[in-house]
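The values are calculated or read from the model by the stated rules, or taken from the named source; none is laboratory data. Predicted model, so just to flag it, every value in this text is computed and none were measured. Cβ placement follows ideal geometry from the backbone for every residue including glycine, while neighbour counts extend to all protein chains displayed.
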Amino acid sequence: MSPPAWGVRRGDPADVAALAHLVAQVLPEAGDEAFLRGLLVRPAAEFWLGGEQGGPPAGFLVAQRVPPELEILWLGVLAEARRAGLGRALLGAAGRDCESIHLEVRAGNRAALAFYRSEGFGERGRRRSYYPGGEDAISLQRPLRDIPRG
Ligand SMILES: CC(C)(COP(=O)(O)OP(=O)(O)OC[C@H]1O[C@@H](n2cnc3c(N)ncnc32)[C@H](O)[C@@H]1OP(=O)(O)O)[C@@H](O)C(=O)NCCC(=O)NCCS
């Protein structure tokens, strides 16, 4: 069976409830709807939603854009929609016009580390006890030369 043709679009204020619903299922540590609303009023903050064309969103990406850089804050895909290219599609849409992308990921998050490595990210360093509870973060970055243009 061929993978779904994902549709990805920039979210607007009317989509924050849908974003919060996804975040609650995939990455609750990213915060509830009130927190996300507060974050997303910042001029640099933006989010993207993706899913099957005409269907409900199944994945999201929240980022801060300070041109020419993009910092990914959270990226998540519903468990049942994983390994079908939606994470890649979200990253491709959000990262299209920036020169570099960087982020922090939990050192123990093997799936996310494998995902970002497969997408051309390299390790910049480790931030000790970065997360509540004491887990280290791995800092990842993808420079311009690795970003597909099209
Ligand atoms: C990380 C995450 C967003 C990836 O989303 P996804 O839609 O499944 O990723 P894609 O299907 O686009 O994967 C692209 C490639 O990344 C790699 N990859 C993705 N998930 C992987 C996994 N669990 N193990 C190994 N490699 C993986 C593969 O190379 C994959 O290509 P392939 O399926 O053709 O082999 C998803 O696993 C997720 O939502 N995890 C929970 C939330 C999270 O931890 N987010 C990151 C921290 S902010």
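Odds and ends about this structure:
- Note on segment 79-108: residues that are out of contact with any strand residue (DSSP E or B) (no Cβ under 6 Å at 6 or more places or on another chain) and more than 20 Å from GLN64 (Cβ to Cβ) total 9.
- Of all residues assigned to segment 104-114, at least one qualifies as being more than 8 Å from the ligand (Cβ to nearest atom), closer than 24 Å to ARG10 by Cα and either free of Cβ contacts under 8 Å to residues at least 40 places away in the same chain or among the charged types (D, E, K, R) (or both).
- Residue check for LEU27: within 12 Å of the ligand (Cβ to nearest atom), over 22 Å from ARG126 (Cα atoms) and not basic (Lys, Arg): no
- Selected residue (criterion: nearest to GLN25 (Cα to Cα)) from residues of segment 90-126 that are part of a helix (DSSP H, G or I) and aromatic (Phe, Trp, Tyr): PHE115
- Test: residue in segment 81-104 that is at pLDDT below 95, out of contact with any Lys or Arg (no Cβ under 7 Å at 6 or more places or on another chain) and of a type in the set (Lys, Arg): yes
- Taken together, ALA44, ALA79 contain a single residue that is in contact (Cβ under 8 Å) with a residue 12 or more places away in the chain and within 15 Å of the ligand (Cβ to nearest atom), which is ALA79.
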